[in-house]
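Asker: Let me give you the structure first, and then I'll get to my questions.
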Amino acid sequence: MALSATGAMAWTTAPMSVSRTSTSTSTSTSLPMALDYNDPIVAEEFNAVQPLTYDEVEEELMMSGISGSPDMNEMDLKLMLVEYRLMLSGKLKNGGKDKKEVKPDSYSTKFEEALWEKPFFQGTFEDLKAKGDHNSQNVAAEYLNDPENAKVRYGKEYRRLIADIDAALSAKKEVTSPVVTFKGFPANMGEMGCKMTLEALGEIAEFECAEDEDFPVLVGTVTFEDVETAKKAIEQYDGMDMGMGQALELESV
């Protein structure tokens, strides 16, 4: 089937969310990608979407929190779905240009943060992408952004997926290095107070920290003299509530 496009299609999506009425506070983003329908990857996805009915296309878009304009016809919606699926799967990153992804300075959604900060969750999500399971990808994103609403809507049908996500989010990396990153110690402890707290567990070779730009907490890196002390620090402090509105985060590097 010959595919052609007379111009670049662009539309606005809501934040990655299954529900149109999501309570997420994230701002909407624009998807200005101009798809090349001569690209085999695009053609393959288009052929997968083509047999879907109007209702099926609309339902998948709605689950993704995407709404088109009232004057869009069935083909417009299918092209929208093609673009969304390609962007979600990562097959056409940055509009199809081969560009290395750069970690953002801040995150617009909890889902985006988990992809960067939780390697086990990232692995789980990559598995869903490899299987082409778009609905599970949408549910995973919604669960990260709005867990309570997602449990109500999908807790029964996607119970196993949600359990897998919880396990991935709480999974800890094996500690094989004396270097540990940390975030969440109260800023009023100061650098010396924070260092003394960690030093109580064992000798420190290197230490650096600074106050977070967004919250009154300290972030930094500590290098202990041995791996065992690093393990002890993570076991004792990772996840501890310091009364600052977020749990301490310690991770082996």
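The values are calculated or read from the model by the stated rules, or taken from the named source; none is laboratory data. Source: prediction; values computed, not measured. Counting neighbours? That spans all protein chains shown, and the Cβs are built from the backbone with ideal geometry, glycine included. The area values use the complete protein model at the heavy-atom level, side chains included, leaving out ligands, DNA and RNA. Shrake-Rupley method; radii C 1.70, N 1.55, O 1.52, S 1.80 Å.
Asker: Among (1) without any contact (Cβ under 8 Å) to a residue 24 or more places away in the chain; (2) under 17 Å from the mean Cα position of the chain (by Cα), where does Lys156 come up short?
Answerer: (2)
Asker: Sticking with this one: Can you spot a residue in the stretch 34-51 that is of a type outside the set (Ser, Thr, Tyr), surrounded by 19 or more Cβ atoms within 10 Å (Cβ to Cβ) and either within 20 Å of the chain's Cα centre (by Cα) or modelled with pLDDT under 75 (or both)?
Answerer: Yes, the stretch 34-51 contains a residue that is of a type outside the set (Ser, Thr, Tyr), surrounded by 19 or more Cβ atoms within 10 Å (Cβ to Cβ) and either within 20 Å of the chain's Cα centre (by Cα) or modelled with pLDDT under 75 (or both).
Asker: For the stretch 202-231, give me the residue count where each residue is in a helix (DSSP H, G or I) and open to solvent by less than 40 Å² (accessible area, probe 1.4 Å).
Answerer: Matching residues across the stretch 202-231 total 2.
Asker: Same structure, new question: In the stretch 174-201, which residue that is open to solvent by less than 40 Å² (accessible area, probe 1.4 Å) and of a type in the set (A, V, I, L, M) is farthest from Lys151 (Cα to Cα)?
Answerer: The residue in question is Leu201.
Asker: Going through the stretch 140-173 one residue at a time, which ones are open to solvent by less than 30 Å² (accessible area, probe 1.4 Å) and more than 20 Å from Pro119 (Cβ to Cβ)?
Answerer: Glu142, Asp146, Ala150, Tyr154, Gly155
Asker: Just checking, does the stretch 112-123 include any residue being touching a helix residue (DSSP H, G or I) at 6+ places or on another chain (Cβ under 8 Å), modelled with pLDDT under 85 and open to solvent by 40 Å² or more (accessible area, probe 1.4 Å)?
Answerer: Checked the stretch 112-123: no residue is touching a helix residue (DSSP H, G or I) at 6+ places or on another chain (Cβ under 8 Å), modelled with pLDDT under 85 and open to solvent by 40 Å² or more (accessible area, probe 1.4 Å).
Asker: Could you check the stretch 54-93 and list, in sequence order, the residues that are open to solvent by 10 Å² or more (accessible area, probe 1.4 Å) and at pLDDT below 75?
Answerer: Residues satisfying the conditions are Ser67, Gly68, Ser69, Pro70, Asp71, Gly90, Lys91, Leu92, Lys93.
Asker: Something else now. For the stretch 232-243, which residues satisfy the criterion of being open to solvent by 70 Å² or more (accessible area, probe 1.4 Å) and assigned to a helix (DSSP H, G or I)?
Answerer: Lys232, Glu235, Gln236
Asker: For the stretch 141-160, how many residues are of a type in the set (Asp, Glu) and more than 18 Å from Phe111 (Cα to Cα)?
Answerer: Here the count works out to 1.
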